[in-house]
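These notes are about the structure you will find just below.
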Amino acid sequence: MLDTKFIRENHDRVLHNSHAKHTQPDISGFLRLDERRRAIIQQAQDLKAKRNTVSEEIARLKKAKENADALIAEMKTVSDTIKHLDDELRGVEEQMEHITLFIPNVTHESVPHGKDASGNIEVRRKDGVNPCEGERGFRKDHATLAKELGIVDFERGAKISGSGFPLYTGKGARLERALLNFMLDQHTGNNGYTEVFVPFLVNEASMRGTGQLPKFAEDMYTCAADDLYLIPTAEVPITNIYRDEILPASELTKKHCGYSACFRREAGSYGKDTRGFLRLHQFNKIEMVKFAKPDESYAELESLVNDAEGILQVLGIPYRVILLCDGDTGFSSAKTYDLEVWSPAEQKWLEVSSCSNFEDFQARRANIRYRTEQGAKPEFLHTLNGSGLATPRLMVALLEHYQTEDGTIRIPAPLQPYCGFEQIG
RNA sequence: GGAGAGAUGGGUGAGUGGCUGAAACCAACGGUUUGCUAAACCGUCGUAGCUCGCAAGAUCUACCGAGGGUUCGAAUCCCUCUCUCUCCGCCA
């Protein structure tokens with residue numbers, strides 16, 4: 001959510017940015033409402049001030065056992081007017097909020113302009129230490145490999161829940177668990193994150209806090225009977241840990257990481273990239289979240305990307321870092337880098353991580369502030385988050401890159417202690 | 001799921017219709033005193049918004065879990081909701 005004053009003073013920029021992000025908010029309507037709002041407040045305030053002083057006068061008269069009927073009658077109409085003004089104000093503010101909630105975050109000046117993913121910029125690329133580099137004759141795709149090796153049972157997963165709900169079996173289940181533990185240990189042990197284990201179902205206020213609601217209601221699973229939502233990412237519960245709180249500046253930058261299952265309806269994406277692990281309704285992810293001082297958040301974004309990259313480097317998987325153009329940057333984000341791994345079978349780059357600086361967009365929605373010193377005015381802090389990493393496409397890259405000529409999978413050395421085995425098959 | 005109790009400023013906690021934005025104490029901060037520490041004393045000590053001002057700041061308004069209602073006037077009375085605690089029941 002953007003600051004009302006910021007929208008008022010930068011409405012052209014906000015409008016252009018919204019168009020770049022393919023949204024059409026009613027900025028001029030917002031400005032009209034804003035003006036009306038201030039007029040109402042002014043008028044209501046004057047009347048309330050009058051009511052307060054006259055009420056004191058009434059109290060004084062009553063105590064002196066004098067007649068106050070005329071004043072009381074007068075105040076009755078004043079109170080009625082106040083009530084009507086307050087009602088109108090409520091309506092105006094509701095309309096303003098409705099518009100504001102659908103205005104996307106303004107992108108950072110370093111973000112390139114572009115219509116869609118074609119406008120993104122590759123920042124850097126790293127080759128892996130792939131043991132099969134250059135050998136293409138025996139290359140099988142991840143879904144075929146997984147099926148042959150018996151590490152995932154898509155059919156039974158679909159029987160239990162539906163398509164997009166994979167059932168990991170045997171060494172596949174162990175490998176999945178190994179990846180998650182390995183990544184958590186990296187972030188807590190080497191990168192300075194404090195681990196959290198979060199609720200997977202959250203309330204509406206949390207979803208609004210991080211920006212999933214109200215705009216993206218269609219993308220989420222809901223538990224209607226209890227007014228709860230299944231989280232699409234651990235970003236939601238982790239960021240909301242400090243909702244409505246004021247953190248001391250000495251605790252910033254605060255860094256949390258955590259595992260969660262992620263649930264996404266992926267409505268409207270059937271048939272597109274849905275083979276195997278490419279797009280799932282439920283998957284596992286390690287998420288990193290930072291709470292930073294505004295003047296440090298962009299440096300923190302770079303180190304956040306490095307932390308995510310570190311996983312791929314240790315696992316020796318080829319990847320590249322992409323800076324998203326404004327047209328491809330998410331609703332809440334001011335600047336986003338994607339990490340993509342190479343799938344030799346798909347001959348495609350696959351997104352495994354998205355690292356964003358939201359500046360104060362989420363903090364304003366969720367009311368997360370910090371105070372530089374005792375007695376200082378609390379200010380909104382900056383929130384950042386990034387996947388570190390999501391497992392399904394990481395698994396794709398791992399299987400495809402570490403397959404051997406005889407159809408087995410070599411487990412990368414750093415992962416072996418977590419797996420308890422050196423190969424699959 | 002049933003019964004009951006509760007929610008006030010950073011903390012404890014007073015306050016049942018007007019003089020309460022809120023006592024008192026604690027914590028914190030500034031100062032005086034002091035060889036140092038301690039103690040004592042004095043002062044400061046919530047958030048948000050409108051308007052005015054270059055600014056420091058000033059006026060006004062709102063906020064005592066949240067939202068409605070009654071009233072000239074609500075922390076205080078009424079209704080709904082949320083959360084916490086206690087007891088009973090059920091349960092991994």
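Points to keep in mind about this one:
- Extreme residue, farthest from A:GLN313 (Cα to Cα), among residues of region A:334-352 that are modelled with pLDDT of 95 or more and in contact with a His (Cβ under 9 Å, 6 or more places away or on another chain): A:ALA334
- Qualifying helices (runs of 4 or more DSSP H) (wholly inside region A:2-66; at least 2 residues being away from RNA strand B (no atom under 12 Å from the Cβ)): A:11-20, A:27-63
- Residues of region A:27-48 classified as open to solvent by 50 Å² or more (accessible area, probe 1.4 Å) and closer than 17 Å to A:LEU89 by Cα, total: 10
- Hits in region A:170-202 (condition: part of a loop (DSSP other than H, G, I, E, B) and open to solvent by less than 40 Å² (accessible area, probe 1.4 Å)): A:ASN191, A:TYR193, A:VAL198
- Flag for A:SER250 being hydroxyl-bearing (Ser, Thr, Tyr) and over 13 Å from the mean Cα position of the chain (by Cα): yes
- When A:THR383, A:THR372, A:THR408, A:THR391 are screened for being farther than 26 Å from A:LEU304 by Cα and in the same structural domain as A:GLU148 (by TED's automatic domain parsing), only A:THR408 passes.
- Region A:67-89, subset within 23 Å of A:ASP34 (Cα to Cα) and charged (D, E, K, R), residue farthest from RNA strand B (Cβ to nearest atom): A:GLU88
- Qualifying residue in region A:117-126 (condition: part of a helix (DSSP H, G or I), open to solvent by less than 80 Å² (accessible area, probe 1.4 Å) and modelled with pLDDT of 90 or more): yes
- Taking residues in region A:1-26 that are among the acidic types (Asp, Glu) and open to solvent by less than 70 Å² (accessible area, probe 1.4 Å), and partners anywhere that are in a helix (DSSP H, G or I) and at pLDDT below 95, the pairs with Cβ atoms closer than 7 Å and at least 6 places apart or on different chains are A:ASP3/A:ARG364.
- Evaluation of A:ARG124 against (1) in contact with a Cys (Cβ under 8 Å, 6 or more places away or on another chain); (2) assigned by TED's automatic domain parsing to the domain that holds A:LYS348 (one fails), failing number: (1)
- Strands (runs of 3 or more DSSP E) wholly inside region A:219-301 containing at least 3 residues that are buried (at least 19 other Cβ atoms within 10 Å of the Cβ): A:254-263, A:282-292
- Taking first residues from region A:302-321 that are touching a residue at least 40 places away in the same chain (Cβ under 8 Å) and partners that are among the acidic types (Asp, Glu) and open to solvent by less than 20 Å² (accessible area, probe 1.4 Å), the Cβ contacts under 8 Å between residues at least 6 apart in sequence or on separate chains come to A:TYR319/A:GLU309; A:VAL321/A:GLU309; A:VAL321/A:ASP338.
The values are calculated or read from the model by the stated rules, or taken from the named source; none is laboratory data. The structure displayed is predicted, hence computed values, not measured ones. Neighbour counts are summed over all protein chains in view; Cβ atoms, including those assigned to glycine, are modelled from backbone coordinates with ideal geometry. Accessible surface areas use protein heavy atoms only, side chains included; no ligands, DNA or RNA. Shrake-Rupley method; radii C 1.70, N 1.55, O 1.52, S 1.80 Å.
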